[in-house]
Structures are given as C-alpha cells and as structure tokens.
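Each remark here refers to the structure printed beneath this line.
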Amino acid sequence: MIVRTWRASAAKGKTAAYLQHAATRVFPELQKLPGHTGALVLTREQGTNVDIQVLTFWDAMHTVQAFAGPDPNLAVVEPEAQAILSDYDRRVVHHHLAIGQLQRLAVTHVEPDGEAYSLRTHRPGDMGWITHRQAVLYAQEYGWHTQFEGLVAEIVAQFIKTFDPQKERCWIAERAGAIVGSVLVVKESDATAKLRLLYVEADARGLGIGQRLVKECIAFARAAGYQQLTLWTNSVLTSARRIYEARGFRLSKEQPHHSFGHDLVGQYWMLDL
C-alpha cells in the first residue's frame, strides 16, 4: 500500500473552511477512484496558523499516477483550496505502508460552530440498527406502531438482498462514535432512483446532517446516471419536507391513507436530475 503525504497551513480562522472543502469536495471524488482506499487529515496549531497534513492511501503507485498524472510527486491542489491556504507544498512524498491495519475511512464534516460528524457507507449490523432506531424514534415522536417497524425492516432487507453498489448507496452519519442518522438511495428503474428512510437523531438535529445526507443522495444519483430521484413521505414530517423543498424536489401527488395506527397524508416528491 502507498501512503501519499502532503503538507499545508492555514490561518486559524480559515482551517474549518479547508476541512469542509476536503470533506465535501476532495474526499468524495477520491472515493470514486479505483485503488484509493482512504484518507486522513491531521492538524496542529502553530501560533496563528494551523499546520495541516493530508495522508491518502492507495493500492499501488500506478493508481496514484492515474490520479496525479505522469509525475505522481506533484501535488494536486484545487484553486478553491489554494485560495484558503496560506502556504502549501507543491510536491508530495510517498511511503510504503510497512505494517498496520486500515479500513476505508469516513468523511468528517466540520461545522462552523466546531461540531463534527462523519459519513460512511453501511457495514454489517447497520440495517438492524436503522430499523431499531427508526421504530423507536417514530413511536416516540409520532406514536406510530409496529407496522412502521415492519415497513422499515422490509425496505432494508430488500436493500441488502439486491444491493447494487454502482446504482445504490447507504450513508450512515456518525458523531462522537455514535450513529445519528442515515439515508438510502435504491434503484427503481434504469432512469429513476428512490430516496428512502432519511432520519436524524433528535440530539443531532441542527447540525445540517439531514441536508448533507440529501445532498449526497442527489449527487450520487446524478453520478450513477439516473434521470430522476423520487421519494415518499408524510405531511407530518415537516422538517424533512423543508429539506426536500430546499434541494429542489417538487410535490407531485398527495394521498390520504391510514397507516401505522394513524390517519396520514402521503406525499410523493420528485427531482429531475
């Protein structure tokens, strides 16, 4: 395994902006590249500046060259990052990983108030946890009974059974080592994907996690070649509806129904990609 290391620095007031850029722009693009296995950003305060060390992990040097070009020792620094940083190395250093254990790393998002959370794809056990937490959460907040838990269980079971990593994705949001939210994108047809089971824990709301999860769904659906992203929700879920509206979804149909022990109004939303 190859470890690619690069150094930069930023003023304290601009460090969060660089970390946000790395988390939302750089790391998601790296994750799409064959041979890329993870990344780390290390920071250390140095007076009025913050020293930044970026480590990216690759299967082999030829995968690095596919990303960096003929001279793999040249740093790849986007103009947006250059505008944020006060200094950065123009060249990188590569090391061979001699010993260690590395799994694919989550992408950490740093909010302006200093709160941090991370997004990752699903692991064994996550689908059971999603079912449990959504059943508990919606029972507490809306009084929905176990019929809803059964629906969630059916959705996640189907996701696991027929999972297509090129066309489907689950995002798990974590904060301080705990799962605080999740969402799925599932294939409906060659042209249409469906956003399913968006939720955020009550104590993690207000950090932008729900907005971030929906944004990831839209970006993934576009990259996967879908023409439309749809979803089904209920009118009582006002916070989620505001997120969908803010991201450009439009309400296509409403339909009253009696489910989960209550009279509800189902809503169908869609977004042209």
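FYI, it's all coordinate maths here, none of it is from the lab. Everything quoted here is computed from the prediction, not taken from an experiment. Here Cβ is always computed from backbone atoms with ideal geometry, including for glycine, and neighbour counts include all displayed protein chains.
Assorted remarks:
- Principal axis box of region 2-105, alpha-carbon based, largest edge first, Å: 37, 28, 23
- When only Cα pairs below 8 angstrom with a gap of at least 6 residues are kept, region 172-217 shows a relative contact order of 32 percent.
- Residue (of 180, 170, 128) at the positive-pole extreme of the chain, dipole from beta-carbon charges: 170
- Only Lys, Arg (+1) and Asp, Glu (-1) charged, at Cβ; the chain dipole about Cα centre in debye: 300 debye
- Size descriptor, Kirkwood hydrodynamic radius, that averages inverse alpha-carbon separations across region 128-169, Å: 11.0 Å
- When all alpha carbon pairs of the chain are counted in 10 Å bins from zero, the resulting P(r) reads 6, 25, 32, 22, 11, 4, 0 %.
- In plain terms, the chain from residue 43 to residue 205 could stretch by 55.6 nm, reckoned as 0.36 nm per residue minus the Cα-Cα distance.
- 5 angstrom amide H check on residue 259, placed H, neighbours 5+ away: 264
- Along the chain, longest interval not containing exposed trypsin sites (Lys or Arg not before Pro), exposed being DSSP loop plus at most 11 other Cβ atoms within 10 Å: 91-273
- Alpha carbon convex hull of region 119-272, projected area averaged over orientations, nm²: 8.5 nm²
- Residues of region 128-156 with amide N under 11 Å of the 7 Å Cα→Cβ point at residue 163: 128
- Extended-chain gain in nm, criterion 0.36 nm per residue less alpha-carbon gap, residue 154 and residue 257: 35.2 nm
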